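A.B. asks: What follows is a single structure, and I will ask about it in a moment.
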Amino acid sequence: MTTLVCQSLSVSIAGKIICSKLDLELSAGQFWGLLGPNGIGKTTLLKCMAGLTPADAGMVLLENQPIDKLPRRVIARLLGMLQQHTVYVFDASVLETALTGRHPHLGRWEREGASDRQKALEAIQAVDLEGFEARSVTGLSGGEARRLAFASLVVQEPAILLLDEPTNHLDMKHQTRIMDQLEKQVHEKQRAALTALHDVNLAARYCSHILMLFGDGQWQSGPAVELLNQSTLETLYQCRVESVHTSAGRRFLPSG
């Protein structure tokens, strides 16, 4: 079972402490939400956990190995990251772009086979881009590009998924479609996910666990049912929050 573990991890950027001595373990079947105000450092933390930027102290372990000691190709077979922004500059088709998710699993001179192509087609269909396979990625809207980036991550089949605002640029229908697909990856495929979200109610609907960043290195983690409450959210976002009981569970609104 592949795990991603933060051991006494301290991360900062431009002199601002994002987290101090963070202890966290992402395991199969867990759907983590990463919450915090704008500019608190969620993106920087995700990049550090993906081995893209160094930590100030502590370490990130992937399969019990320090992630900064592993080759990027090995990491890409186990861990995938969806960056915050999706911009396609070079001309390629939607299908070709989705197939890039298979590259970590191919040999040096190996080309994608029928099985790889089928996985890409299924992922494209799952994000509501069926019929777009031959279209150039440079002509996609922001939301379409975002959905394609998610499809490419699914095609990669990593055991650990790190996602930075996967619902960015998406309407309500496609937000829930992406989150449904992510939930499927976690529960049916038994993968682990950590996703930065601005919508607390998406976290309440989908996430089993929550990691909160409060600033000045302070953090809190635990089951979503324990952390998602009026008091904690008011402390996190520094505004009044109203808790509403719905047929789907507790949801939260800014109170003004």
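A.B. asks: Which of the strands (runs of 3 or more DSSP E) contained wholly in region 158-256 include at least 1 residues that are out of contact with any Lys or Arg (no Cβ under 9 Å at 6 or more places or on another chain) and within 24 Å of Ile75 (Cβ to Cβ)?
C.D. replies: Correct list: 160-164, 192-196, 209-215, 218-223.
A.B. asks: Check region 163-177 and report whether any residue there is in contact with a Leu (Cβ under 7 Å, 6 or more places away or on another chain) and within 13 Å of Phe31 (Cβ to Cβ).
C.D. replies: There is at least one residue in region 163-177 that is in contact with a Leu (Cβ under 7 Å, 6 or more places away or on another chain) and within 13 Å of Phe31 (Cβ to Cβ).
A.B. asks: Now for a different question. Name the residue, out of Leu35, Leu62, that is in contact with a strand residue (DSSP E or B) (Cβ under 6 Å, 6 or more places away or on another chain), at pLDDT 95 or above, of a type outside the set (Phe, Trp, Tyr) and closer than 13 Å to Leu194 by Cα.
C.D. replies: Selected residue: Leu35, the only one of Leu35, Leu62 that is in contact with a strand residue (DSSP E or B) (Cβ under 6 Å, 6 or more places away or on another chain), at pLDDT 95 or above, of a type outside the set (Phe, Trp, Tyr) and closer than 13 Å to Leu194 by Cα.
A.B. asks: A follow-up question, please. Output yes when any residue across region 138-154 is surrounded by fewer than 18 Cβ atoms within 10 Å (Cβ to Cβ) and among the basic types (Lys, Arg), and no when none is.
C.D. replies: No - not one qualifying residue is present in region 138-154.
A.B. asks: Further question: Which is touching a Ser or Thr at 6+ places or on another chain (Cβ under 8 Å) and either farther than 21 Å from Leu202 by Cβ or among the hydroxyl-bearing types (Ser, Thr, Tyr) (or both), of Ala114, Ala76, Ala159?
C.D. replies: Ala159
A.B. asks: Name, by its number, the condition in (1) within 16 Å of Thr235 (Cα to Cα); (2) under 16 Å from the mean Cα position of the chain (by Cα); (3) not hydroxyl-bearing (Ser, Thr, Tyr) that does not hold for Gln218.
C.D. replies: Result: Gln218 passes all but (2).
A.B. asks: Moving on to the next point. Go through Phe31, Phe90 for me and flag whichever is touching a Leu at 6+ places or on another chain (Cβ under 9 Å) and aromatic (Phe, Trp, Tyr).
C.D. replies: Step by step, each of Phe31, Phe90 is checked, and only Phe31 is touching a Leu at 6+ places or on another chain (Cβ under 9 Å) and aromatic (Phe, Trp, Tyr).
The values are calculated or read from the model by the stated rules, or taken from the named source; none is laboratory data. Note that the coordinates shown come from a computational prediction; the quantities given were computed from them, not determined experimentally. For neighbour counting, all protein chains shown are included, and Cβ atoms are generated from backbone atoms with ideal geometry for every residue, glycine included.
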